[in-house]
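Data block below; observations after.
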Amino acid sequence: MSEFEPKIVAFVCNWCTYAGADLTGTSRIKYASNVKIVRFPCTGRIDFMLLLKAFSEGADGIIVSGCHPNDCHYTSGNFHARRRWLIFRSLLNFLGIDVNRIQYSWVSAAEGAKWAEVVNTTVTKVRELGPYTEYRKAADYVEQQEREVFNG
C-alpha cells in the first residue's frame, strides 16, 4: 500500500512568499511537490471562506503565508490577515475542523529555504494527520453561506 500523499493548497502573498517560493525553485532547493500555490496581492485580501472552499474541494491541508510584520507592501495587510486568522480559528473550532491542518507563516522574498521548510513541515504534519475526510462539514457550511448570500 502506498503512503498517503496529502493535497496542500498554499494561499500566498505575491510580494513576499510567492517570490520566496520562486527563489526556492531558482536555488534548486527541493521541497514536497504536493502543494498548489494560489497567489494573492496580499494576505490581507484572502477571504477565509476560500480556505473552507479548499477543504470542500478536497484539500487535506492549507498554508497561508505572507510578508513579515512591518514588511507588507500595502502597509498593514498582513496585520489584517493575522487578526482575521485569530477569528477564523474560532470558527474552525466551532465547525470541528482541526486547526493543525492550517499553517500560518511569514516568508519573505529572500527566504527560499524557509519556504521549503514550511512546505515540508506542513506536508509531514498533514501526512501524520491522515486524509481529511470530514470536509463535508466545511462544504455544507460554504453551501449554506452561498445560499444565504444569493437568496438574501
* Asked: Out of curiosity, is Ile29 closer than 22 Å to Tyr135 by Cβ and either outside any helix (DSSP H, G or I) or among the β-branched types (Val, Ile, Thr) (or both)?
  -> no
* Asked: Taking the stretch 1-55 on its own, how many of its residues are under 16 Å from Ala113 (Cα atoms), open to solvent by 30 Å² or more (accessible area, probe 1.4 Å) and β-branched (Val, Ile, Thr)?
  -> 2
* Structure fact -> Those residues of the stretch 39-62 which are among the hydrophobic types (A, V, I, L, M, F, W, C) and either under 18 Å from Arg82 (Cα atoms) or in a helix (DSSP H, G or I) (or both) amount to Phe40, Cys42, Ile46, Phe48, Met49, Leu50, Leu51, Leu52, Ala54, Phe55, Ile62
* Asked: Between a first residue in the stretch 120-138 that is closer than 15 Å to Gly96 by Cα and a second residue that is at pLDDT below 85 and β-branched (Val, Ile, Thr), which pairs have beta carbons less than 8 Å apart while being 6 or more apart in sequence or on different chains?
  -> Glu134/Ile97; Lys137/Ile97; Ala138/Ile97
* Residue by residue through the stretch 56-102, note down the ones that are β-branched (Val, Ile, Thr) and open to solvent by 70 Å² or more (accessible area, probe 1.4 Å). => Thr75, Ile87
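The values are calculated or read from the model by the stated rules, or taken from the named source; none is laboratory data. These numbers were taken from a predicted model, which means no experiment stands behind them. Note that each Cβ is placed from the backbone with ideal geometry, even for glycine, and that neighbours are counted across all protein chains shown. Quick note on the areas: whole protein, heavy atoms, side chains included, nothing else; ligands and nucleic acids left out. Shrake-Rupley method; radii C 1.70, N 1.55, O 1.52, S 1.80 Å.
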